[in-house]
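For reference, the structure is listed below as structure tokens.
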Amino acid sequence: MNKKTIERYVLHNMVLFILLAMVAAISFLNANFLTPSNLINILVEMSTYGVVSIAMTAAIICGEFDLSVGSTFALCAVLFISLIDHVGVFPAMLAAILCGGLCGLVNGILVAKAEMPAFVATLGTMVAVRGLALNYTDGKPISNSNQLIYNIGNGYFLRIPNLVVMFFIALVVMHYILRYTTFGRNLYATGGNRDMAELAGIRVPFYRMMIFVILGLASGMAAVMSGCRMASGNAALLGLDLSMSSIAGVVVGGTSLSGGSGSVWKSLAGMLVIGVLFNALTLLGIQAYYQQLIRGLVVIVVVAADILMNAGKE
Amino acid sequence: MKTDKKTLLNLLCNYGLLIALLLIIAAASVFSKEFFTVANMLNILRQSTVVGIMAIGVTVVIIAGHIDLSIGSTVSLAGIIAILLINNTGNDWWAMTASVLAGALVGLVNGAIIAGIKGRTCDSFIITFGMQTVVAAVALIYSGGNFLTGRGRGVHSLIGKGYVPILIFLGLAVLLELIMKKTPFGRCVYFMGANPKAAKMSGVSVRRNTALLFVIAGVCASLAAVVMCSRVSAASPTSGKGYELDAIAAVVVGGTSMQGGKGGILRTLLGVVVIGVLGNALNILNITTYPQMFIRGVIIIAAVLLDVLGSKLSSGVVSK
Amino acid sequence: MGKSEYALEMIGIDKLFPGVKALDNVTIQVKKGEVHALVGENGAGKSTLMKILNGAYRADKGEILLEGERVSIQNVNDAKRLGISLIFQEMNLIPTLSVTENFFLGDLKKTRLGKVDWRGMEREVEKVFEQMDFTVNPGSIVSDINVAEKQMVEIARAISKNAKIIVMDEPTSSLTENEVAKLFAIIEHLRGQQVTILYITHKLDEVFSICDRVTVLRDGQSVDTKAIGEIGRQDIIEMMVGRSVDMDYPRRSVRPGEVVFQAKGVRVRNKVYGIDIQLRRGEVLGLAGLVGAGRTELCEAIIGAAPMQKGEMWVKGRRVRIRNTTQAKRSSMGMVTEERKETGLALDFSVERNISITNLKRLARCGVYLDKKQEAQAAGAYVEQLGIRTPGIRQRVVNLSGGNQQKVVIAKWLFSDVDILILDEPTRGIDVGAKFEIYQLINRLVEAGKSIIMISSEMPELLGMADRVAVIHNGVNKGELTGDNLTAQAVMRLAMDEEVPD
């Protein structure tokens, strides 16, 4: 084990240490923090955007990112809720998720085939898809009082909320993909060094395209989860914060924006840190606006640090 | 024959968007007689001033090869500060100045961070993305989340009246165009966008200029806010939300390349006008808000797509 | 077709690049299982030749034979399939992935269930490492291991892919003695396996200790191939640099004056370890050395384009602190970079604008307003003075030939009126005619009182143009040569850190 590996190990676990320190400090400050109901609350809040964060982890590993996940989320959510009464719960779920995949495919084609810069392409689809969602619902909130989805969204499975279970399933699935499949490893290679990956015979454009499809599907899934839980939605408000939140979780978790490395577990740690942080801020009575401020600052600091560290490597 | 085809494709890439939009405008004129009147055009111009002023400021940043997503939040913040100060001090001039200074400060922070980490385009994107959240939060904090109403009298309220916004907009455009085309700073900005490494090796103060770029974008955003708030003499902490997309869309549609080193303020002016006219035309054609949003997204994509395709053609990569 | 005694033959290879013939009828024959040294100055053509073998380039003429049979190598994959493996320094590994994963890149092993078989792959890697007596953990991330270990990994990878021909390009440049010994043991082992090795190096020690035969390239041509027992070190150096002077370098009549620039103890991380240099007015100081010796890094640090760990500088007697290129310019220093297209010019901009960028202040009336007429005049004047061949000053620089592009870069520094100019490989990729013009330009500059530091890998150019040559080797100034001492052999000896013969 050379020095660098040890350094890396400590850095990797630093987020965990921070998390543990935070938990200790907060439970000292506020008795309500360590109660099961509160902890479960944190997890449930985290589950919905967490699914997108997991997909975003894969995207950042591959060297891409996506601004339009929030709009895709909104579109899929309203689609889901509106279709339940027409085609039934599960077909509606399927439709919503596929819709997400389709939006992702459009992004993927623009970025991987037409070679547009990712942030402009997803900026454009962000606007366009939001327009679609708003148009579909005519700007009005919609809701559905279907009992089944309520049970799904708010029920428990072996004492754990269904949504959290879904999140963990997604987590484990993505972990497997990233660690044990050629597809996942090729994502790492593409993000690590695109040219070298191509030289090794990896079909880079295909992977770049697929990553956006995955993001789209994840947004769709998150939309379904949120739809089950809330049973209502306003296309103008859904998912407005989603791209920032999902990227924040990944970045705080320590995955480098330059690609080629990272893991869903790191992102989980990052998400927990953020989730715990906000929960704590709420419990300590800090206003929502300050929370937003802190979230933005955290992202900037972490990103700037990441860029500086990587600049040193070159 | 091959060169003809290539020239045609090139032409299409450079002007295709313009042509498509002109067609829509033509359709609108057919639809409604009032469309192509001076009164209507002036009205469109007036309504475009807020986005227009923002677009001019962000053009400078884009020419240098960066991007600024925080200008929408800056507009919100600057508006809040202006109205707050007008209400509290009754001194309109001071309120407006403070508002502009706030915008400059936001820009300075952006610029300092990005220059400090020697960022490239993707870096400026995520940093300003983060700042967007931070500045929006500050605006919410300052205003307590409330919609603020101003006094409705005084110098400030005059700014939004009549043709004053248009004059401010055009005046600013002319000023910035002169700066970009006729001063050493402007020339350096273009060079930095074209080849940042060569700029550095030629002794250009890349860091200092980078910081300045974002200050300009911030100042323009706050000027836009001043204009916006004066019309209704009120400000909301989310008033600028989403406007940065319109501003960037205007720049992109006008033909300034995202890669940097090309384009200019006049092109952005064109882009602003075109988008404004387009919006009006779509209204006349009875296309409602939401489909318009969709179209706006498509336009952004189409504009950049054509730009990317155009540069590939001219560098000889695509040999269609 | 019987089996030839030669594992590899490259016959009559020509390679042309725009403006320069990199390889001219080069022939090299390598016997099976031998360790064959390939020696030559920078730019002699070794890399180009190997890139053709590797599939990265395609020869314009000539053929390649493997064991007597003609083969076609169109791309890197062809070369791989034919069992040819090229090992550069650290270029071919993805830094964020583990050693094991790099080994199996694009070809991951799976278990019966379809899962990626990490343990199985690691075991295989360990096996190969054991054979090589290499102790790096296969699970380590590539960016964490040092250069020497990266090189070992590449060699191990080539071996595991059953490469029949391995080309090693400067394999020991970053290795300690211990590691070199290990490498040689591996090479012996490979020799026993009948693997053919092409060994590119500047270290004659190694040529004589491990190689069987040596081929010398010079100016894109193969000079000779000899068995190690048949020649001595001086002979090799002679073959590398001995040439008839076929260019008359323009004469100049300047005597170097007082010291205008001095640097002491310059250190740049991992590249320069304490260099002192001095530059006099009206002097051309040549910086010689092998690729990677640290000359460019030294100059970039001097000019403020890269961080200097330690070091002090004086310009015209005054102590200066230079942290960025703007400060350097203010201290009257500028640099013409090695890659004019990447770091010297804005290709889409006009000749005019590329020239004026260094001194826009001069054109600014009242400090603000750019005088376009003056700009055009100045640009026009330089176009004329320097003989820049262009349809006009508004022409985009990308459309100019290499030589003329270089002249534009030099013009821009003339416009800034710096007194000290650093030229990094000023005539690379430029045809003979334009080269001469640039030499004349350099003379005019020093005659006008300017001082020049010229980094060059072209021996004739150094000998013909420099008043003094400082030779850099591995980040250290090995010595300065001037007057009668300034010979090609002497420069080469210092550059390769060879002993002076008695």
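Full extension of the chain between C:V71 and C:E447 gives 129.9 nm of extra length, using 0.36 nm per residue less the Cα-Cα distance.
Using C-alpha pairs under 8 Å with a sequence gap of at least 6, the mean separation divided by the residue count of the range A:200-278 gives a relative contact order of 19 percent.
Neighbouring Cβ atoms from other chains, within 10 Å of the Cβ of residues in B:130-143, number 6 on average. In this label model, A:L308 and C:Q221 are separated by 5.7 nm, measuring between points 7 Å along each Cα→Cβ vector.
When Rg and the Kirkwood radius Rh are both evaluated on Cα atoms of the range C:179-298, their ratio Rg/Rh stands at 1.09. Which residues does a label at C:K373 reach in the range B:159-182, if reach means a backbone N under 13 Å from a point 7 Å past the Cα toward the Cβ? Inside the label zone: nothing. With Rh defined as the Kirkwood radius, the inverse of the mean 1/r over Cα pairs, the Rg/Rh of the range C:452-502 is 0.93. Averaged over the residues of A:65-74, the number of partner chain Cβ atoms lying within 10 Å of the residue Cβ comes to 1. Going by a ≥ b ≥ c, the root eigenvalues of the Cα gyration tensor, does the range B:146-194 fall in the rounded group (a/c under 1.5), the prolate group (a/b larger than b/c) or the oblate group? It comes out prolate by the Cα gyration axes. Taken residue by residue and averaged, Cβ atoms of other chains lying within 10 Å of the Cβ of A:284-293 number 4. Placing a label point 7 Å from the Cα of C:D60 along the Cα-to-Cβ direction, the residues of the range C:15-30 with a backbone N closer than 20 Å are C:15-28. Projected label points at B:V232 and C:E384, each 7 Å from Cα along the beta carbon direction, are separated by 6.4 nanometres.
The peptide list C:270-277, B:66-73, put in order of mean Cβ contacts within 10 Å with the highest first, becomes B:66-73, C:270-277. Note on C:S4/C:V476: beta-carbon distance plugged into 1/(1 + (r/R0)^6) with R0 of 35 Å gives a FRET efficiency of 0.20.
Under a Gaussian network description of chain A, with springs only between Cα atoms under 10 Å, the residue in A:L148, A:L199, A:L238 that fluctuates furthest is A:L199.
Calculate for the protein assembly as shown the 222 nm mean residue ellipticity that helices alone would give, adding -39,500 (n - 2.57) per DSSP H run of length 4 or more and normalising by residue count, nearest 500 deg cm²/dmol.
Details: 44 runs with 654 residues, N = 1136.
Per the formula, -19000 deg cm²/dmol.
With the charge dipole of the range B:26-313 set up from +1 on Lys and Arg Cβ and -1 on Asp and Glu Cβ about the Cα centre, the Cα lying farthest toward the positive end among the listed residues B:A102, B:N91, B:L42 is that of B:A102.
When only Cα pairs under 8 Å and 6 or more residues apart are kept, what is the percent relative contact order across the range C:415-502? Walk me through the numbers on the way to the answer.
On the way: 82 pairs, mean separation 20.5, N = 88.
For the range C:415-502, the relative contact order is 23 percent.
Our summary gives chain B a relative contact order of 35 percent, counting only alpha carbon pairs under 8 angstrom and 6 or more residues apart. Of interest is the spacing of the C-alpha centroids, which for the range C:436-468 and the range A:243-314 amounts to 54 Å. Taking packing as the residue-averaged number of other Cβ atoms within 10 angstrom, the listed peptides C:115-124, B:269-278 run from highest to lowest as B:269-278, C:115-124. Taking the three principal axes of the alpha carbon atoms in the range A:123-225, the coordinate ranges are 54, 40, 14 Å, sorted in descending order. Taken as entire DSSP H runs, the helices of chain A that both span 18 Å or more between Cα atoms along their own long axis and average 1.0 or more on the Kyte-Doolittle scale are A:3-29, A:36-61, A:69-87, A:89-108, A:118-137, A:162-180, A:204-230, A:264-283, A:288-313. Among B:182-190, B:124-132, C:135-143, the peptide with the highest mean count of other Cβ atoms within 10 Å heads the list, and the full ranking is B:124-132, B:182-190, C:135-143. Over the C-alpha trace of the protein assembly as shown, radius of gyration and Dmax come out as 32.7, 102 angstrom.
How would the range A:212-258 be classified by its alpha-carbon gyration tensor: rounded, prolate or oblate, with rounded meaning a/c under 1.5 and the a/b versus b/c comparison settling the rest?
Working: a/c = 2.46, a/b = 1.91, b/c = 1.29.
Prolate, because a/c is 1.5 or more and a/b exceeds b/c.
The distance from the alpha carbon centre of the range B:20-98 to that of the range C:84-113 is 53 Å, rounded to a whole number. The phi torsions of the range C:46-51, fed into the Karplus equation with coefficients 6.51, -1.76 and 1.60 and a -60° offset, translate into couplings of 4, 4, 4, 4, 5, 5 Hz, rounded to whole numbers, with Gly and Pro shown as x. If the label point is 7 Å along Cα→Cβ of A:Q147, which residues in the range A:231-268 have backbone nitrogen under 20 Å from it? Once the point is set 7 Å along Cα→Cβ of A:Q147, A:231-232 turn out to lie under 20 Å by backbone N, inside the range A:231-268.
Considering every Cα-Cα pair within chain C, what fraction, in whole percent, is farther apart than 31 Å? Could you put the intermediate results ahead of the total?
On the way: 65532 of 125751 pairs.
Tail of P(r) above 31 Å: 52 percent of Cα pairs.
Coordinate range of the alpha-carbon atoms in the range A:266-313 per principal axis, descending: 42, 21, 10 Å.
Using a Förster distance of 56 angstrom, determine the FRET efficiency expected from the C-beta separation of B:W93 and A:E115, and round it to 0.05. The value I calculate is 0.65.
Between C:Q440 and C:E177, take the C-beta separation as r, use R0 = 45 Å, and let me know the FRET efficiency to the nearest 0.05. Please report the intermediate quantities before stating the final value.
Details: r = 48 Å, r/R0 = 1.06.
According to the calculation, E is roughly 0.40.
The value obtained for the range B:26-313, namely the Cα convex hull volume divided by the number of residues, is 130 Å³ per residue.
Between C:H189 and C:K21, the modelled label-to-label distance comes to 4.4 nm, taking each label 7 Å out from Cα in the direction of the beta carbon.
If you take the Cα centroid of the range A:45-88 and the Cα centroid of the range C:378-428, the two points sit 54 Å apart.
Placing one equal scatterer on every Cα of the range A:234-314 and applying the Debye formula, the log10 ratio I(q)/I(0) at q = 0.11, 0.16, 0.20, 0.23 Å⁻¹ is -0.34, -0.67, -0.94, -1.12.
Any read-out appearing in this document is the output of simple, stated calculations on the displayed coordinates, not a laboratory observation. If you're wondering where the values come from, they're calculated on a predicted model, not measured in any experiment. Using ideal geometry, Cβ is built from the backbone for each residue, glycine included, and neighbour counts are taken over all protein chains shown.
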